[in-house]
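Let me begin by presenting the structure, written as structure tokens, before commenting on it.
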Amino acid sequence: MKLYMMRHGETAWNAENRILGSTDIPLNEKGREQARVAAEELKDTHFDVIYTSQLSRAMETGLAVAALQSGCEVFHLECLNENDFGVFEGQDRDSEEYQAEKRKCFKRYPGGESFLDVAARVYPFIKSLIEDPSLQDKNVLIVSHGGICRVISSYFRDMENEEFITFTMPNCGCQLIWSC
């Protein structure tokens, strides 16, 4: 199996540098164009299965990719939804208060989730993909969010706290994360 991960296209809140989290914000026009361009760039990589979060920005991005694939199944899974940032949702991503809380990896955001909570739902899903014999010779794409890409990346390689906290994935960025 070859496992790829991709972040959704741009939203209005991304453009405004606001924290999205579990708030369901759709793609903006630039995000739709990013998804279209990414789908075109990926059309020669045949994906057998695409998994997206249940948030519209990831679903729309994943469906754009799937539209240029033949015989591709698409599933929308709650476990791939972005981290719930609680009271910080909609706030400025660069605020000192948020940046300080972000560095407390094991602590839940007030009213939200910790990175450990997210890993507790993402890691078992990744493990199930790797162990699924029906996916052995398949190309699989996960379309989700920056925080989920961070957690997926940490599943496959050790990361120091600072590397984990500062990990970024550009809108519609896509990378091969695991191959066997």
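The values are calculated or read from the model by the stated rules, or taken from the named source; none is laboratory data. Note that the structure is predicted; figures quoted are calculated from it, not measured. Cβ sites come from the backbone with ideal geometry, for glycine too, and all protein chains shown count toward neighbours. Just so you know, the surface numbers come from the protein's heavy atoms only, side chains and all, with ligands and any DNA or RNA stripped out. Shrake-Rupley method; radii C 1.70, N 1.55, O 1.52, S 1.80 Å.
When we measure straight from the Cα of LYS107, which lysines land under 29 angstrom away, once same-chain ones fewer than 8 places off are left out?
LYS127
What does the helix-only formula give at 222 nm for the chain: each DSSP H stretch with n ≥ 4 adding -39500 (n - 2.57), the total divided by the residues, and the result rounded to the nearest 500 deg cm²/dmol?
-11500 deg cm²/dmol
Leaving out ligands, DNA and RNA but keeping every protein chain, what accessible area does GLU97 have, in Å² rounded to the nearest 10, with a 1.4 Å probe?
130
Using only protein heavy atoms and a 1.4 Å probe, report how much of LYS2 is accessible, in Å² to the nearest 10.
LYS2 has an accessible surface of roughly 90 Å² with all protein chains in place.
Which far-off residues, 5 or more places away or on another chain, put their amide H under 5 Å from the one on THR52, with H placed in the peptide plane?
For THR52, the qualifying residues are PHE75, HIS76, LEU77, VAL143.
Run the paramagnetic zone check for LYS127: 7 angstrom along Cα to Cβ, then residues of the stretch 140-180 with backbone nitrogen under 17 Å.
Under cut-off, by backbone N: 151-158.
For the chain, give the share of DSSP beta bridges that are antiparallel, in percent and rounded to the nearest 5; count only bridges with both residues there.
Just about 30 percent of them are antiparallel.
Keeping every protein chain in place, order CYS180, CYS72 by accessible area at 1.4 Å, biggest value first, i.e. largest first.
Descending accessible area places them as CYS180, CYS72.
Give me the aspartates and glutamates in straight-line cross-link reach of LYS138: C-alpha distance below 13 Å, same-chain residues under 8 apart excluded.
The qualifying aspartates and glutamates are ASP48, GLU73.
For the stretch 30-180, which whole-number percentage of the solvent-accessible area (1.4 Å probe, protein heavy atoms only) is attributable to carbon and sulfur atoms?
49
At 24 angstrom or more along the helix axis (alpha-carbon based) and mean Kyte-Doolittle of -0.5 or higher, what helices does the chain contain? Whole DSSP H runs only.
In the chain, no H run is both long and hydrophobic enough.
For a label point 7 Å from the Cα of GLU78 along Cα→C-beta, name the residues of the stretch 112-142 whose backbone N is under 17 Å from it.
112-114, 117-126
Provide the per residue accessible area, probe 1.4 Å, for the stretch 29-179, rounded to a whole number of square angstrom.
50
Which chymotrypsin sites (Phe, Trp or Tyr not before Pro) in the stretch 86-132 pass both tests, a DSSP loop state and at most 10 other beta-carbon atoms within 10 Å?
Qualifying residues, ordered by number: PHE106.
Rounded to whole Å, give me the distance from the Cα center of the stretch 4-21 to that of the stretch 91-149.
14
Along the stretch 169-179, what does the Karplus equation 6.51 cos²θ - 1.76 cosθ + 1.60 (θ = phi - 60°) give for ³J(HN,Hα), rounded to whole Hz, x for Gly and Pro?
9, x, 4, 6, x, 9, 8, 6, 9, 7, 9
Over all distinct alpha-carbon pairs, what is the Kirkwood Rh of the stretch 97-179 in angstrom?
Radius from the Kirkwood sum: 14.1 Å.
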